[in-house]
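Q: Supplied in structure tokens, the structure appears directly below.
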Ligand SMILES: Cc1cc2nc3c(=O)[nH]c(=O)nc-3n(C[C@H](O)[C@H](O)[C@H](O)COP(=O)(O)OP(=O)(O)OC[C@H]3O[C@@H](n4cnc5c(N)ncnc54)[C@H](O)[C@@H]3O)c2cc1C
């Protein structure tokens, strides 16, 4: 009998296994595919490797602007893929070694929950005092739109060994704008179709506006506010038609309209666990409605991010060990979108803060990266926007500009420690860094701007 049996070895599942083992719990981890799950093999890591290659391509293309005479000869995509696979492979090996080095029983196979305390895998019954459901998510499509041929999801996009001349990206959320950014840097003609009125609709409106401006400048076309109606394809092309009759034709169409939860077909409902269209709802301590059965990661409604999965996994291990851990709510989880320019945020957007605190009770400040030395050196436009409760803490940080993802660490500490701009203002930010812009924004909102007019 194990203390913890975990179904799914992605970010949520393996983090739970590692922390459980660390706490001396007897743990079994069941994975049907590859340890590391979506993030390592089909998500965060391979896409960010492509985005890095895209950045190198842009740097080569634009070198002469700063007197470094370089040009982009070509993109050898099989070689780029080899580099990407090398990164994934090394991390995979490291993770396998880590799991092996702990006292974790790792079982390869497709598991099925057969009782609130048992999973069947490879014809064997694995029993545990606690079950952790960590089966993750999958690429969703729209009703009537099948993935196949020239209509692809992110999994197929990562398998490509050629660069489309023209590509349609259906969905202007995180995954959509990241692929749009990569393909544009690799030389493709890209059109993004987003049904909502703006790109990255989950971000603060000012961020969307700046991204749209930057995409226009980069020559990435997009349509917002009109819904996709249908797609047809033949041997040479795919055509997407919108509800207003506009149509776009390309070599490929990437469907990036979100991810569904993988809660069906694993026996969850049969043992009484509530499953809602694939999602497994939990209470704030990640308990499902069945005692001693927990759910973590993308399977649980909310933000679908690897670091949320890690946090969930660690939390459940500590909860089972009786450590009474602290839960971090989704609002406090940092988010980064790695397109060019990058986007990073934590907390409430201005609109959300107005709704929560009242329009008269919040103050905002936007520090333009134009005033930041390092950003000028990099040649990036963008801003850092702060939202605060008047007389109180910073409740939202929103950033856009090259490399701003690296600034999210401090931003999430400020949010989570409920720091007021006046608390941050006296702290020192090294010069010249982009991090300084975060310091400047707090100085300005605390009423003592340095390199700013407001
Ligand atoms: C293209 C893309 C880019 C992304 N980029 C980022 C990013 O930059 N940053 C970020 O934070 N997040 C990113 N994500 C999201 C991130 O990948 C997910 O949030 C994360 O992987 C969720 O972890 P998880 O453990 O919940 O699920 P998963 O990683 O999906 O793992 C679930 C695992 O369960 C296994 N499994 C399922 N059913 C069974 C069964 N019956 N028996 C045994 N095993 C089973 C699966 O094989 C899988 O390995 C990205 C996702 C995609 C698709």
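Values in this text are rule-based calculations from the coordinates and carry no lab data. Just so it is clear, the model here is predicted, and its values are computed rather than measured. For neighbour counting, all protein chains shown are included, and Cβ atoms are generated from backbone atoms with ideal geometry for every residue, glycine included.
Q: Normalise the Cα radius of gyration of the chain by 2.2 N^0.38 Å (N = residues in it) and let me know the number.
A: 1.03
Q: Based on the Cβ-Cβ distance of residue 103 and residue 249, what FRET efficiency does E = 1/(1 + (r/R0)^6) give at R0 = 60 Å, to the nearest 0.05?
A: In this case the efficiency is close to 0.60.
Q: When the helix-only estimate is applied to the chain (DSSP H runs of n ≥ 4, each -39,500 (n - 2.57), divided by the residue count), what is the mean residue ellipticity at 222 nm, nearest 500 deg cm²/dmol?
A: Mean residue ellipticity, 222 nm, calculated: -10000 deg cm²/dmol.
Q: What ratio of Cα Rg to 2.2 N^0.38 Å holds for region 222-329?
A: 1.54
Q: With a 10 Å radius around each residue's Cβ, average the other Cβ atoms per peptide and rank 130-140, 184-194, highest first.
A: The packing order, highest mean first, is 130-140, 184-194.
Q: Turning to a different aspect of this structure: Per 5 Å bin, what is the whole-percent P(r) computed from every C-alpha pair distance within region 339-388?
A: Binned Cα distances yield the sequence 5, 19, 23, 19, 14, 11, 7, 2.
Q: Report the calculated FRET efficiency for residue 52 and residue 226 (r = Cβ-Cβ distance, R0 = 25 Å), to the nearest 0.05.
A: 0.15
Q: I've got another one for you. Which three semi-axes in whole Å describe the equivalent ellipsoid of region 352-428, each the square root of 5 times a Cα gyration tensor eigenvalue, listed largest first?
A: Rounded to whole Å, the semi-axes are 24, 14, 11.
Q: Cβ neighbours within 10 Å, averaged per peptide: list 43-56, 151-164 in order, most packed at the top.
A: Descending packing order for the listed peptides: 43-56, 151-164.
Q: Relative contact order for the chain: what is it in percent, counting Cα pairs under 8 Å that are at least 6 residues apart?
A: With pairs under 8 Å counted, the relative contact order is 15 percent.
Q: Would you mind putting 58-65, 361-368 in packing order, based on average other-beta-carbon counts within 10 Å, highest first?
A: Those peptides, ordered most packed to least, come out 361-368, 58-65.
Q: If you project the alpha carbons of region 159-198 onto the principal axes, what extent comes out on each, in Å, largest first?
A: Extents along the principal axes, in whole Å: 32, 17, 14.
Q: Moving on. Testing the spin-label approximation: label points 7 Å from Cα along Cα→Cβ at residue 217 and residue 236. State their distance in nm.
A: 3.7 nm
Q: Restricting to bridges with both residues inside the chain, how much of the DSSP beta-bridge set is antiparallel, in percent to the nearest 5?
A: Here the share of antiparallel DSSP bridges comes out near 60 percent.
Q: Indicate the gyration tensor shape class of region 151-257 (rounded, prolate or oblate), computed on the Cα atoms with a ≥ b ≥ c the square roots of the eigenvalues: a/c under 1.5 is rounded; otherwise a/b larger than b/c is prolate and the rest oblate.
A: Taking the square roots of the gyration eigenvalues as a ≥ b ≥ c, region 151-257 is oblate.
Q: Another question, then. Taking 25 °C and 0.890 mPa s as the conditions, I'd like the Stokes-Einstein D for region 125-190 in µm²/s, using the Kirkwood hydrodynamic radius from alpha carbon pairs.
A: 170 µm²/s
Q: Now for a separate question. As an exercise, use a Förster radius of 51 Å and the Cβ-Cβ distance of residue 270 and residue 418 to find the FRET efficiency, rounded to the nearest 0.05.
A: 0.70
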